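The values are calculated or read from the model by the stated rules, or taken from the named source; none is laboratory data. For clarity, every value in this text was computed on a predicted model and none was experimentally measured. Using ideal geometry, Cβ is built from the backbone for each residue, glycine included, and neighbour counts are taken over all protein chains shown. Surface accessibility is based on the protein's heavy atoms, side chains included, excluding ligands, DNA and RNA. Shrake-Rupley method; radii C 1.70, N 1.55, O 1.52, S 1.80 Å.
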Amino acid sequence: MTADKMARTISRPARLEGDLAVPGDKSISHRSLILNAIAQGTARVTGLSNGEDVMSTLACLRAMGAEIADGDNPGEYTVVGKGPTLEEPSDILDAGNSGTSMRLLSGLLAAQPFLSVLTGDASLRSRPMRRIVDPLQRMGAQVTGRQDGSLAPLVIRGGSLRGIEYDLPVASAQVKSCILLAGLSADGDTVIHQPALSRDHTERMVTAMGATVEEDGLALSLGPSSLRAVDISVPGDISSAAFWIVAGLCHPDSRVLVRGVGLNPSRTGIIDALLAMGAGDSLQLVDERTEGGEPVADLLVTPAQLRGAEIGGDMIPRILDEIPILAVAACFAEGETVIRDAAELRVKESDRIATTVGELLRLGADIEAREDGMVIRGTGRLTGAACESHGDHRLAMAMAVCGVLTDGETEVHGASDASVSYPSFWEDLELLAGLRQESPLPSGEG
Ligand code: S3P
């Protein structure tokens with residue numbers, strides 16, 4: 001493999017082998033900082049993701065006076081709760097590439113007694129914000145943005161809020177969490193009806209911090225609550241582990257152990273999909289345990305002959321971020337894979353239907369875009385070529401995995417975009433390919 005900052009060239013290693021830990025779960029990391037910052041008491045967070053997205057949340061919170069101190073070990077932080085009121089930031093808050101930072105912090109800011117302006121990079125400034133501006137306005141918040149509240153930068157003059165009953169138009173955990181964060185400080189109950197279950201880390205964490213969230217099927221109800229700080233041990237991110245799971249299953253000679261992966265049922269769609277595609281005993285959950293209120297296991301992966309499957313419906317919110325790498329798996333499966341009901345992919349860090357299909361076509365895949373998904377006919381092989389991340393971390397990593405599985409050389413432009421969620425991705429790839437002896441970071445603290 002040769003490297004410069006932005007492009008990496010990969011060829012298929014003879015064997016893929018290793019034992020590694022991926023960075024802490026990005027979704028849980030954001031929430032562990034945000035919720036502890038507005039709680040009362042002091043919390044120790046371990047295993048926090050060092051990805052750029054989580055660092056954006058951390059910087060925004062510090063700009064609002066939150067006291068978050070680095071601990072002695074990587075991924076270790078102490079958060080001194082200022083609950084529930086933070087300080088007016090003296091400058092614009094920058095969420096970088098992170099939709100989770102922008103949408104969750106907006107819910108928090110809507111109830112803070114000061115003015116704030118939230119911006120992000122070009123990708124984030126093109127992503128839909130009306131989905132949070134609408135419910136926040138219904139709660140009485142003064143919030144607007146470009147194009148009548150559709151796009152960031154967002155301007156929020158926080159104040160008193162009232163609880164609402166709200167039908168979520170999309171199964172989005174970011175929108176749900178934004179409303180729940182605002183609901184913590186609202187007068188009266190906040191009731192949310194979800195079209196399908198999306199990740200539930202916010203509900204779990206606020207409950208552990210003393211709030212009462214009542215669940216009735218897909219409906220959630222939260223009353224005004226003050227939170228008490230809670231120590232959080234962040235499990236490994238299944239969305240990052242997914243790259244090694246697919247690499248290990250599709251490489252002909254592999255044995256990959258990913259340690260300490262979070263297996264919250266609202267996140268395990270990729271495991272269910274790969275098992276439905278015939279992964280069988282080649283994908284084993286080892287030492288299943290509960291850590292910090294979340295199910296965790298080590299994942300042991302060896303080669304498997306996958307077959308195509310149909311992925312859609314309620315499964316989609318549980319696998320949303322893993323669709324680019326699932327599409328790579330489908331190229332190596334026998335038969336056809338159809339992904340439907342996934343139009344939300346079009347408003348992620350890139351239009352992930354267009355970018356995944358476009359980049360896999362460059363490598364010779366038999367793949368077609370649909371309005372709400374894609375159809376992939378597995379050919380069992382791809383051919384190395386130059387490809388592009390489109391500024392999207394998950395695309396950069398999915399294309400890198402193609403390189404590990406592909407004849408010839410694959411050149412990934414925008415390789416450093418992986419740092420948004422997985423800064424040590426390329427070092428870990430070298431480790432598994434036998435080009436490096438040790439993981440760059442201690443286990444569980446990437
Ligand atoms: C996230 C929710 C998901 C996911 C994103 C992280 C979160 O987005 O794609 O990477 O931490 O809440 P949705 O808002 O579409 O569920």
How many residues of segment 336-376 are of a type outside the set (D, E), open to solvent by 40 Å² or more (accessible area, probe 1.4 Å) and over 26 Å from P128 (Cβ atoms)? The answer is 3
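Table: residues versus (1) within 16 Å of the ligand (Cβ to nearest atom); (2) surrounded by fewer than 22 Cβ atoms within 10 Å (Cβ to Cβ).
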{"site": "G24", "(1), (2)": "yes, no"}
{"site": "I28", "(1), (2)": "yes, no"}
{"site": "L33", "(1), (2)": "yes, no"}
{"site": "L48", "(1), (2)": "yes, no"}
{"site": "A59", "(1), (2)": "no, yes"}
{"site": "R62", "(1), (2)": "no, yes"}
{"site": "G96", "(1), (2)": "yes, yes"}
{"site": "G107", "(1), (2)": "yes, no"}
Condition set free of Cβ contacts under 8 Å to residues at least 60 places away in the same chain and crowded, with 21+ Cβ neighbours inside 10 Å, scope segment 184-193, selection farthest from the ligand (Cβ to nearest atom): answer is T190
Taking segment 314-358 and keeping only residues that are of a type in the set (S, T, N, Q) and in a strand (DSSP E or B), one is left with T337
Expected output for segment 145-164 (first residue without any contact (Cβ under 8 Å) to a residue 40 or more places away in the chain and under 20 Å from L180 (Cβ atoms), partner in a strand (DSSP E or B) and open to solvent by 20 Å² or more (accessible area, probe 1.4 Å), Cβ below 9 Å, 6+ apart or cross-chain) is R162/D187; I164/V191
Of A229, A242, A273, the only residue that is out of contact with any strand residue (DSSP E or B) (no Cβ under 9 Å at 6 or more places or on another chain), surrounded by 19 or more Cβ atoms within 10 Å (Cβ to Cβ) and modelled with pLDDT of 95 or more is A242
The lone condition P13 fails out of (1) without any contact (Cβ under 8 Å) to a residue 60 or more places away in the chain; (2) farther than 18 Å from G292 by Cα; (3) away from the ligand (no atom under 16 Å from the Cβ) is (1)
L197 fails exactly one of (1) open to solvent by less than 60 Å² (accessible area, probe 1.4 Å); (2) within 15 Å of the ligand (Cβ to nearest atom), namely (1)
